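Enquirer: Sharing a structure below in structure tokens format, with a few things to ask.
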Amino acid sequence: MIPKSYNYRKIGNNCNWFLLFTIITFFNACSKDNTSTIEGEEESIEEENTESPTIDEKFNVDINQDGTLNILLLGPSESINSSVAAFSLEPVAEQLTSILTADTKVTTAVNVEYEDTYRAKSLTVGLGSDTNNLFEYTHYAHSLLQYYYWPEGQTERMSNLKGDNEKDWDYVVIAADPYIISKTPGFYSLGVNKIATKVSEGGAQPLLLVLWPKDEQNTASISDFEEFSYRSAEGSQVEIEVAPAGLAWQDLSSELKDEQTTHPSPNGAYLTAASIYSQLYDQNPSTSDYTYNDILADAVFQSVKHAKTETHFSGEFNYNSPFQGGNVNDPIIRYNHTGTSSENGIIGGLNWVISKEGGTELQRDGAPTVHFNLGRANTNFEANKRYKIDASKFEYSIGFPMQDGSSTGDTSMLYGIDKRGSQSENGTDLGVALYMIRENELPTARAVPIRALYAQMLELNIADSAYRDNWHMSRDLDRASGSYIYTLLTGKCNLGVEPTDISSAAWRSWRAHKLGYETAWNLMFLEGKVPECN
């Protein structure tokens, strides 16, 4: 029996009713044709009755397929500048949970967690070669990089980023201190790349938030935040998605931009969560049964859609900061310094790097104008040995944070990447850079992030100490610093052939050389994925 839903008219049109004398043949032909048509119709009905995939099946946000959408939000609750508001992700996590759990299209379980990347710890620090010259400082983590290398709990933290602890993350959302983003975007980018790479190792998807400042007077513009974020994501070693919350905020009508003492405001927190939701699902957040403000939800969705199709930056990156690249192209690089043993060690490392490339020479020179002046940066210890600022004499003035005393330095320098003691203290990587900005030493001042180089050398297992004796930095740390300075000044790299024996001292020196180049490139151009080096 033919089902009533089938198209009888189509079947009947296939028969020739005038050939009655061939009725048997006709009947067989019609039966065959009917069978074919019915089978086709059955296929059509079967397709029509197939249930549409759920939103989770369509967008595969449960990346590890464990039945739970696990999202981790990372960001600091405190800015390195006490007069600038940090961007708090705690209310964002609450809003994102509300949107997801009330969306009937989301069929997985939902778990959204927030981790504050801000840290503080009191620590004893040795200054100078005298092992009894000890000071107590509170050390702080404000940047993503210092959070990543913070020694306390680092093993567990790395496991958590990879999803190897209790939660196997599907997405890790990354935010940062707005002040650090705006003043030292390269340092921000370096931290983003470190965290995103670790997250990717565990199979989760890094998602970078475009933020906006509470007060643009003390920071950069939203368009700068946009460029810094997209350059960092597109130049990364791993795939990083971007949630353009700041662009959505920028596009809002003034009546939707609520003013609050908190940052973000309640509308801003919902907007940020809605941006994350829209980026994950390509859906309007207003379709969730959680109702906050549908006009705001519509605006966010349109902004996210638009951001996926537009160009967010163009041309070479060139931003006035202590990590901006130089333009030294002369065959003889001329320098001077005050002559301390730390400077001599770094110059030795720079000479070692330059020797790998024929045609370039490093020369100490007392001429009226030289390419760079090198010196310690600390003002709290032997300030007379600091770098000198004089644009009429030095094309660039390069400062580095003096190494801590060896009695504490192998540990204390790992805590001393961001800030220690007062806000004006300049004995850390970021402390040196921000001091240069505060003192209006740009555009000639440049900073060497020696503690970040040392932390990366430990991570790569190419060093077990920062020292070669009870005071001086190790030869490979000097070479990493020299390589960093060479690339920063010239934009060049001259690694040479990689030694085949990766257990050899020659290979460790080669890898330190490569590390200096990679770090300088990331800080200069916001690109974690560096070009091949000849």
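Enquirer: For Y188, are the conditions met, namely being closer than 22 Å to V92 by Cβ, hydroxyl-bearing (S, T, Y), within 21 Å of the chain's Cα centre (by Cα) and in a strand (DSSP E or B)? Even if it seems obvious, please write down each step before you answer.
Expert: Working: closer than 22 Å to V92 by Cβ: yes; hydroxyl-bearing (S, T, Y): yes; within 21 Å of the chain's Cα centre (by Cα): yes; in a strand (DSSP E or B): no.
So Y188 fails the test.
Enquirer: Same structure again: Across the range 474-501, what is the total count of residues that are out of contact with any Leu (no Cβ under 7 Å at 6 or more places or on another chain), at pLDDT 95 or above and of a type in the set (A, V, I, L, M, F, W, C)?
Expert: Total meeting the criteria: 2.
Enquirer: Please give the number of the condition Q205 fails out of (1) surrounded by fewer than 24 Cβ atoms within 10 Å (Cβ to Cβ); (2) out of contact with any helix residue (DSSP H, G or I) (no Cβ under 6 Å at 6 or more places or on another chain); (3) free of Cβ contacts under 8 Å to residues at least 60 places away in the same chain.
Expert: For Q205, the exception is condition (3).
Enquirer: Separate question: Could you give every pair whose Cβ atoms fall below 7 Å, whose first residue belongs to the range 170-197 and is farther than 18 Å from S321 by Cα, and whose second residue is charged (D, E, K, R) and outside any strand (DSSP E or B), counting only separations of at least 6 or pairs across chains?
Expert: D170/D62
Enquirer: Something else now. Can you tell me how many residues within the range 223-282 are hydroxyl-bearing (S, T, Y) and in a helix (DSSP H, G or I)? Break it down stepwise before answering.
Expert: Quick first cut of the range 223-282, residues hydroxyl-bearing (S, T, Y) only: 223, 229-230, 232, 236, 253-254, 261-262, 265, 270, 272, 275, 277-278, 281.
Filter once more, so that each one left must be in a helix (DSSP H, G or I): 223, 229-230, 232, 254, 270, 272, 275, 277-278, 281.
Qualifying residue count, the range 223-282: 11.
Enquirer: On to the next question. Given (1) without any contact (Cβ under 8 Å) to a residue 40 or more places away in the chain; (2) crowded, with 22+ Cβ neighbours inside 10 Å; (3) of a type in the set (K, R), identify the lone condition not met by R438.
Expert: Here R438 meets the rest and fails (2).
Enquirer: Here's another thing I want to ask about it. Given S422, S406, which one is outside the structural domain of G126 (by TED's automatic domain parsing), among the hydroxyl-bearing types (S, T, Y) and touching a residue at least 12 places away in the same chain (Cβ under 8 Å)? Outline the logic, then answer.
Expert: Details: S422 fails: touching a residue at least 12 places away in the same chain (Cβ under 8 Å).
Unique residue meeting the criteria: S406.
Enquirer: So which residues in the range 115-164 are crowded, with 21+ Cβ neighbours inside 10 Å, in contact with a helix residue (DSSP H, G or I) (Cβ under 7 Å, 6 or more places away or on another chain) and either of a type outside the set (A, V, I, L, M, F, W, C) or assigned to a strand (DSSP E or B) (or both), if there are any at all?
Expert: T117, V125, H139, A141, H142, S143, Y148, Y149
Enquirer: Next question. Can you confirm whether the range 353-368 contains a residue that is surrounded by fewer than 19 Cβ atoms within 10 Å (Cβ to Cβ) and under 33 Å from the mean Cα position of the chain (by Cα)?
Expert: Yes - at least one qualifying residue is present in the range 353-368.
So that you can scan it fast, the table gives a plain yes or no per residue for (1) polar (S, T, N, Q); (2) under 19 Å from S254 (Cβ atoms); (3) surrounded by 11 or more Cβ atoms within 10 Å (Cβ to Cβ):
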residue: A299; (1), (2), (3): no, yes, yes
residue: K308; (1), (2), (3): no, no, yes
residue: G315; (1), (2), (3): no, no, no
residue: F323; (1), (2), (3): no, no, yes
residue: V328; (1), (2), (3): no, no, yes
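Enquirer: Mind listing whichever residues of the range 334-350 are in contact with a helix residue (DSSP H, G or I) (Cβ under 7 Å, 6 or more places away or on another chain) and at pLDDT below 95? Working first, answer last.
Expert: Just the residues of the range 334-350 that are in contact with a helix residue (DSSP H, G or I) (Cβ under 7 Å, 6 or more places away or on another chain), to begin with: 337-338, 340, 345-346, 348-350.
If the condition is that a residue be in contact with a helix residue (DSSP H, G or I) (Cβ under 7 Å, 6 or more places away or on another chain) and at pLDDT below 95, then H337, T338, T340 are the ones that fit.
Enquirer: Within the set of pairs 6 or more residues apart or between chains, which connect a residue that is under 20 Å from N133 (Cβ atoms) and among the β-branched types (V, I, T) inside the range 365-391 to a residue that is modelled with pLDDT under 95 and in a loop (DSSP other than H, G, I, E, B) with Cβ atoms less than 8 Å apart?
Expert: Listed by first residue and then by second, the contacts come to T379/N426.
Enquirer: Looking only at residues in the range 253-297 that are among the aliphatic types (A, V, I, L, M) and over 24 Å from the mean Cα position of the chain (by Cα), which one is surrounded by the fewest Cβ atoms within 10 Å (Cβ to Cβ)? Talk me through it step by step, then tell me what you get.
Expert: First, the residues of the range 253-297 that are among the aliphatic types (A, V, I, L, M): 256, 269, 271, 273-274, 276, 280, 295-297.
The next check asks that each one be over 24 Å from the mean Cα position of the chain (by Cα); those that pass are 256, 295-297.
Working: L256: 16, I295: 12, L296: 20, A297: 23.
The qualifying residue surrounded by the fewest Cβ atoms within 10 Å (Cβ to Cβ) is I295.
Enquirer: Say we look at the range 238-252 and pick out the residues that are touching a residue at least 40 places away in the same chain (Cβ under 8 Å) and surrounded by fewer than 17 Cβ atoms within 10 Å (Cβ to Cβ); which of these is nearest to L207 (Cα to Cα)?
Expert: So, considering only residues that are touching a residue at least 40 places away in the same chain (Cβ under 8 Å) and surrounded by fewer than 17 Cβ atoms within 10 Å (Cβ to Cβ), the one nearest to L207 (Cα to Cα) is V238.
The values are calculated or read from the model by the stated rules, or taken from the named source; none is laboratory data. Keep in mind the model is a prediction, meaning the values are calculated, not measured. All Cβ positions, glycine included, derive from the backbone under ideal geometry; neighbour counts span all protein chains shown.
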